[in-house]
Amino acid sequence: MMRKLLFSTAIILWIPRMAMAMHIAEGYLPLKWTLIWDLFALPFVILGLYSIRKLVDANPRLKMLLGFAGAFTFVLSALKLPSVTGSCSHPTGVGLGAILFGPWVMSVLGMIVLIFQALLLAHGGITTLGANTFSMAVVGPVTSYLIYRGMNKIGSPRWLSIFLAASVGDLLTYVTTSLQLALAFPANPGGFNASFLKFMGIFAVTQVPLAISEGLLTVLVLNLLASYNEEMLTGLLMIPKEAHHER
Amino acid sequence: MLIDNYAYSNRLKDVHPAEKLYFAMTTMAMGFIPNIYLNMAIVSMMGALLVFNAKIPAKVFLKTLLLPLWFVLIGILTIMINAVPAGSSALIKFSLLGITLGITQESIKASAVLFSRSLAMVCCLYFLAFTTPMVDIFIVLRSMKVPGLFLELMELVYRFLFVLMETSERIYISQSSRLGYMNAGTAVRSLGRLISSLFIKAWKDSESLYTALEARGYEGEVKVLTKKFPISIKNIFLITSVEFLLLVFAWLSGGGAR
């Protein structure tokens, strides 16, 4: 009886809600891991600031656009994304941002968005800012960007590279979050591996369908933008190229 | 955004923002001490300050307190339930897919510490969020020598956020009044259109904003007048002594979790 009750409560609690709770909440990480993730996230944000400084010095107009891009990411995260399983979540906009603006810019904008989410929407927090920045504004965008670039290089159709970039970027964000939680809270029998497995298990159930819908959504959005004004889009895609000095 | 509304209208809005930031941050640091009693003291102190001093309605405060609860509860259940060896002394045991899962006394203790710490720190965050407008936080950050470019971007994002939020709400209403969110298929399509038009609007607005600013002599920096706040020695003294009292309390109640 007890067992059944516990199990069904767990199901009711877990499945539809986990999707909404993707930011590590305030005070959730112990001091040690708070500081470690701050240190991990910091160099990427500094790198991002340098690349933004360069961009803005070359074209002052971009500062306004970046301001709007940050606000756009924030609004995206407040929208409800219907998932395949019927539950609702919020698109992360990680892939879209990385493809449009490049990963370094996104590390700064992502951190700003996370600060506002903590102070205005009570998502995430100040002590977990480093950890959340690292998973959502560093790992996610960098993965998305690399996949997008790599897939384009081997000549895959654009929709496929966008889809993979957005959905894999989304998934890796949650893998990173599970990793952060598992490192901070190793299971008592089983240690880090068992704990990582537990957190990944929950994320796998809820995040795979969400990653797929986010991928589809990103393809849709970029296609609509391309049909609206192809020139504008390629103009935007220039940003990461300049930031990287790739060509 | 409810929290932002209260930030501009609460009774503590005229207190120097640096004092509020100092109070919230030191109390938050105090929350890292693994002591359930201390954490509960922080929760009640922050709650009382918000409801009685800042005059935030208790209902609003409690409702926002529920927001991070899902993450915290799910995370805690995940930490509480472990795979245990079959013959171990778990309080509750059940098997799933051939693995024996159980809750042990230690795992309950660990979860209790985690829960109370998270709750205490969330209350500190809410104290800051409910009493201090973002604009005032920018003033403090500027005096703390946060890189100018970062701050400027923050200010721009904060301003545009409301513009885009309102636009997206309007588009959403007009789409759903035309059955745009009838089922999952139409919802994805409508959302795609919403996001792309939102993006185009953001892009165009940024262009015209720049033109407008340049016409008014913009040279790479938006200059605004900042509000002057009186520094209260009394408040700083009070905050410091409260933090000291909390430390004494933590020491007297002897760890709590241990």
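Among the residues of the stretch B:217-233, which ones are without any contact (Cβ under 8 Å) to a residue 60 or more places away in the chain and either surrounded by fewer than 13 Cβ atoms within 10 Å (Cβ to Cβ) or in contact with a Gly (Cβ under 7 Å, 6 or more places away or on another chain) (or both)?
Our first condition is that a residue be without any contact (Cβ under 8 Å) to a residue 60 or more places away in the chain; within the stretch B:217-233, this holds for B:217-220, B:223-225, B:228, B:233.
Passing the criteria: B:GLY217, B:GLU219, B:GLY220, B:LYS223, B:VAL224, B:LEU225, B:LYS228, B:ILE233.
Working only within the stretch A:52-70, note down all residues that are open to solvent by 60 Å² or more (accessible area, probe 1.4 Å) and more than 7 Å from chain B (Cβ to nearest Cβ).
Result: A:LYS54, A:ASP57, A:ALA58, A:ASN59.
Criterion first (outside the structural domain of B:ALA41 (by TED's automatic domain parsing) and assigned to a helix (DSSP H, G or I)) does B:GLU169 satisfy it? Step through it out loud before you land on a result.
Working: outside the structural domain of B:ALA41 (by TED's automatic domain parsing): yes; assigned to a helix (DSSP H, G or I): yes.
The answer is yes for B:GLU169.
Tell me, please, whether a residue that is touching a strand residue (DSSP E or B) at 6+ places or on another chain (Cβ under 9 Å) and not in a helix (DSSP H, G or I) can be found in the stretch B:61-82.
Checking the stretch B:61-82: at least one residue is touching a strand residue (DSSP E or B) at 6+ places or on another chain (Cβ under 9 Å) and not in a helix (DSSP H, G or I).
What are the residues in the stretch B:125-139 that are in a helix (DSSP H, G or I), within 18 Å of the chain's Cα centre (by Cα) and more than 8 Å from every other protein chain (Cβ to nearest Cβ), if any?
The first filter runs over the stretch B:125-139 and keeps only residues in a helix (DSSP H, G or I), leaving B:125-131, B:134-139.
From what is left, the residues that are within 18 Å of the chain's Cα centre (by Cα) are B:125-131, B:134-138.
Within the stretch B:125-139, B:PHE127, B:PHE130, B:THR131, B:VAL135, B:ASP136, B:PHE138 qualify.
What residue, among those in the stretch A:205-220 that are open to solvent by less than 10 Å² (accessible area, probe 1.4 Å), of a type in the set (A, V, I, L, M, F, W, C) and touching a Ser or Thr at 6+ places or on another chain (Cβ under 8 Å), is modelled with the highest pLDDT?
Residue satisfying both the conditions and the ranking: A:ALA211.
May I ask you to list the residues in the stretch A:167-204 that are surrounded by 23 or more Cβ atoms within 10 Å (Cβ to Cβ) and in contact with an Asp or Glu (Cβ under 7 Å, 6 or more places away or on another chain)?
Within the stretch A:167-204, A:SER167, A:ASP170 meet the criteria.
Could you give every pair whose Cβ atoms fall below 8 Å, whose first residue belongs to the stretch B:21-45 and is open to solvent by 50 Å² or more (accessible area, probe 1.4 Å), and whose second residue is among the aromatic types (Phe, Trp, Tyr), counting only separations of at least 6 or pairs across chains?
Correct list of pairs: B:TYR37/B:PHE249.
A quick yes/no check of all residues on (1) of a type in the set (Lys, Arg); (2) free of Cβ contacts under 8 Å to residues at least 24 places away in the same chain; (3) within 29 Å of B:ALA7 (Cβ to Cβ):
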residue: A:GLY102; (1), (2), (3): no, no, no
residue: A:VAL113; (1), (2), (3): no, no, yes
residue: A:VAL139; (1), (2), (3): no, no, no
residue: A:LEU160; (1), (2), (3): no, yes, no
residue: A:SER167; (1), (2), (3): no, no, no
residue: A:PRO189; (1), (2), (3): no, yes, no
residue: A:ALA194; (1), (2), (3): no, yes, no
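Consider B:ARG117 carefully, then state whether it is facing chain A (nearest Cβ under 10 Å), open to solvent by 10 Å² or more (accessible area, probe 1.4 Å), of a type outside the set (Val, Ile, Thr) and under 23 Å from B:LEU73 (Cα atoms).
Working: facing chain A (nearest Cβ under 10 Å): yes; open to solvent by 10 Å² or more (accessible area, probe 1.4 Å): yes; of a type outside the set (Val, Ile, Thr): yes; under 23 Å from B:LEU73 (Cα atoms): yes.
Here the answer is yes, as B:ARG117 does meet what is asked.
Within the stretch A:108-126, does at least one residue satisfy the condition of being in contact with an Asp or Glu (Cβ under 9 Å, 6 or more places away or on another chain) and open to solvent by 30 Å² or more (accessible area, probe 1.4 Å)? Spell out how you get there, then give the answer.
Taking the stretch A:108-126 first, the residues in contact with an Asp or Glu (Cβ under 9 Å, 6 or more places away or on another chain) are A:118-120, A:122, A:124-126.
Checking the rest, the ones that are also open to solvent by 30 Å² or more (accessible area, probe 1.4 Å) come to A:126.
Yes: one or more hits.
In the stretch B:57-80, what residues are within 13 Å of chain A (Cβ to nearest Cβ) and under 17 Å from B:PHE130 (Cβ atoms)?
B:VAL60, B:PHE61, B:LEU62, B:LYS63, B:THR64, B:LEU65, B:LEU66, B:LEU67, B:PRO68
For residues that are open to solvent by less than 90 Å² (accessible area, probe 1.4 Å) and either modelled with pLDDT of 95 or more or in a helix (DSSP H, G or I) (or both), tally how many sit in the stretch A:18-41. Give the derivation first.
Within the stretch A:18-41, the subset open to solvent by less than 90 Å² (accessible area, probe 1.4 Å) is A:18-31, A:33-34, A:36-38, A:41.
Adding the requirement that they be either modelled with pLDDT of 95 or more or in a helix (DSSP H, G or I) (or both) leaves A:18, A:31, A:33-34, A:36-38, A:41.
Residues that pass the stated criteria total 8.
What number goes with the only condition from (1) open to solvent by 80 Å² or more (accessible area, probe 1.4 Å); (2) facing chain A (nearest Cβ under 9 Å) that B:PHE249 does not pass?
(2)
For (1) out of contact with any helix residue (DSSP H, G or I) (no Cβ under 6 Å at 6 or more places or on another chain); (2) at the interface with chain A (Cβ under 8 Å from one of its Cβ atoms); (3) open to solvent by 70 Å² or more (accessible area, probe 1.4 Å); (4) in contact (Cβ under 8 Å) with a residue 60 or more places away in the chain, each residue gets a yes or a no:
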| site | (1), (2), (3), (4) |
| --- | --- |
| B:ILE173 | yes, no, yes, no |
| B:ARG178 | yes, no, yes, no |
| B:ARG189 | yes, yes, yes, no |
| B:ALA215 | yes, no, yes, no |
| B:ASN235 | no, no, no, yes |
| B:GLU243 | no, no, no, yes |
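If a residue must be under 21 Å from B:ARG117 (Cβ atoms) and touching a Leu at 6+ places or on another chain (Cβ under 9 Å), how many such residues does the stretch B:1-25 contain?
If we filter the stretch B:1-25 for residues that are under 21 Å from B:ARG117 (Cβ atoms), which is where we start, we get B:21-25.
Within this subset, residues satisfying the condition of being touching a Leu at 6+ places or on another chain (Cβ under 9 Å) are B:21, B:23-25.
Result for the stretch B:1-25: 4.
The values are calculated or read from the model by the stated rules, or taken from the named source; none is laboratory data. As the structure is a computational prediction, the values presented were derived from the model and not from experiment. Counting neighbours? That spans all protein chains shown, and the Cβs are built from the backbone with ideal geometry, glycine included. Accessible surface areas use protein heavy atoms only, side chains included; no ligands, DNA or RNA. Shrake-Rupley method; radii C 1.70, N 1.55, O 1.52, S 1.80 Å.
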